[in-house]
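Data block below; observations after.
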Amino acid sequence: MSGFRHWVKERRHPVAKAIYGIATARRHLEVPVIPGIHKGLYHLHGSVVSAFRDCTRIFYRTPIFRSRLARSGRQLYLDGAGLPLVLGPVEIEIGDDVRLSTQVTISGRTRATPRPTLSVGRNCDIGWQTTIAVGSRVVIGNDVRIAGRAFLAGYPGHPLDPLARAAGEPETEDQVGDIVLENGVWLATGVTVSAGVRIGAGTVVAAGSVVTRDLPPGVLAAGVPARPIRLLVPLAATNEAA
Ligand SMILES: CC(C)(COP(=O)(O)OP(=O)(O)OC[C@H]1O[C@@H](n2cnc3c(N)ncnc32)[C@H](O)[C@@H]1OP(=O)(O)O)[C@@H](O)C(=O)NCCC(=O)NCCS
């Protein structure tokens, strides 16, 4: 088959040239949009896909995902198709009213004793393509928001020594640490949090930042490495002022 493809692509023979012409012309074929029909079909498509996804979420995906959890609260919402990817021996506890993208990856360090644990509080969002690597313990408090493509790096996966790495040895103990996000933390898109870091209550970490050291509560932090930039006004204080 690949020999035939090659022969067609070379276009030396008139038949090969004709086949190539038909194959490329096919790519450019299109029909005009008929608003009354295609708009309706667009919405129908969306409704059918969403109804199917809801059915599989309610009757199949959520219960089988819950069966993998050590504890799960009420109203767990799996956002998207498929299931979050869980790798390794990680124990997972999830509180009430949590929304978890199905494109989240949760991994547990294989050689850890005791077993790595991930604890998620109530009313949390964990966005798409976020990875939570649990070295020892990752604690996510209540009302936490984690946007897409965040990385909680509780263990790095490889040692720094090139010979040990080439030999397939795991990371060393000093590279592993707990990560704690206190209540009300918001990690914007693409934030990385290193092992051993605690982020204080209500703190917001701006997009693309890398948090390598503890952050205090109630600040906006940004940068690589992330540093507090300004104090945030607590909601209670705003209400009082109003
Ligand atoms: C957190 C966020 C909303 C804060 O925005 P903000 O209130 O407009 O921030 P400020 O205007 O107070 O910025 C304060 C300082 O931080 C800097 N800053 C803001 N975001 C930054 C970032 N991602 N990285 C580095 N510095 C940043 C600003 O340049 C400014 O510096 P300056 O005072 O020297 O000018 C914003 O930074 C952010 O991350 N937005 C993306 C949100 C997101 O990912 N949403 C996805 C859905 S959850």
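The values are calculated or read from the model by the stated rules, or taken from the named source; none is laboratory data. In this text the structure is predicted, and so the values were computed from the model without any measurement. A quick note on method: Cβ atoms are made from the backbone with ideal geometry, for glycine too, and the neighbour counts reach across all protein chains shown.
Enumerate the pairs (first residue in the stretch 205-224 and closer than 18 Å to Gly177 by Cα and among the hydroxyl-bearing types (Ser, Thr, Tyr); second residue anywhere and outside any strand (DSSP E or B) and away from the ligand (no atom under 14 Å from the Cβ)) with beta-carbon separation below 8 Å, excluding pairs fewer than 6 apart on the same chain, so at least 6 apart or on different chains.
Correct list of pairs: Thr212/Val197.
Within the stretch 39-51, identify whether any single residue is modelled with pLDDT of 95 or more, among the β-branched types (Val, Ile, Thr) and under 30 Å from Leu85 (Cβ atoms), and answer yes or no.
yes
Just one of the numbered conditions (1) within 21 Å of Ser72 (Cα to Cα); (2) buried (at least 17 other Cβ atoms within 10 Å of the Cβ); (3) out of contact with any Ser or Thr (no Cβ under 6 Å at 6 or more places or on another chain) is not true of Arg115; which one?
Exception for Arg115: condition (2).
Can you say whether Ala195 is in contact with a Leu (Cβ under 8 Å, 6 or more places away or on another chain) and either within 21 Å of Asn123 (Cα to Cα) or at pLDDT 95 or above (or both), as far as the supplied structure shows?
no
Would it be correct to say that Ala206 is surrounded by 18 or more Cβ atoms within 10 Å (Cβ to Cβ) and within 22 Å of Ile132 (Cα to Cα)?
no
Does any residue of the stretch 59-66 turn out to be more than 30 Å from Arg137 (Cβ to Cβ) and at pLDDT 95 or above?
yes
Mind telling me which of the residues Thr131, Thr117, Thr102 ends up being of a type in the set (Ser, Thr, Tyr), under 25 Å from Val176 (Cα atoms), modelled with pLDDT of 95 or more and touching a Leu at 6+ places or on another chain (Cβ under 9 Å)?
Thr131
Name the helices (runs of 4 or more DSSP H) wholly within the stretch 1-90 that hold at least 3 residues that are touching a residue at least 12 places away in the same chain (Cβ under 8 Å)? Give the steps one after another, and end with the answer.
Values: elements: 2-10, 14-27, 35-56, 62-67.
Because the criterion is at least 3 residues that are touching a residue at least 12 places away in the same chain (Cβ under 8 Å), the helices (runs of 4 or more DSSP H) in the stretch 1-90 that meet it are 62-67.
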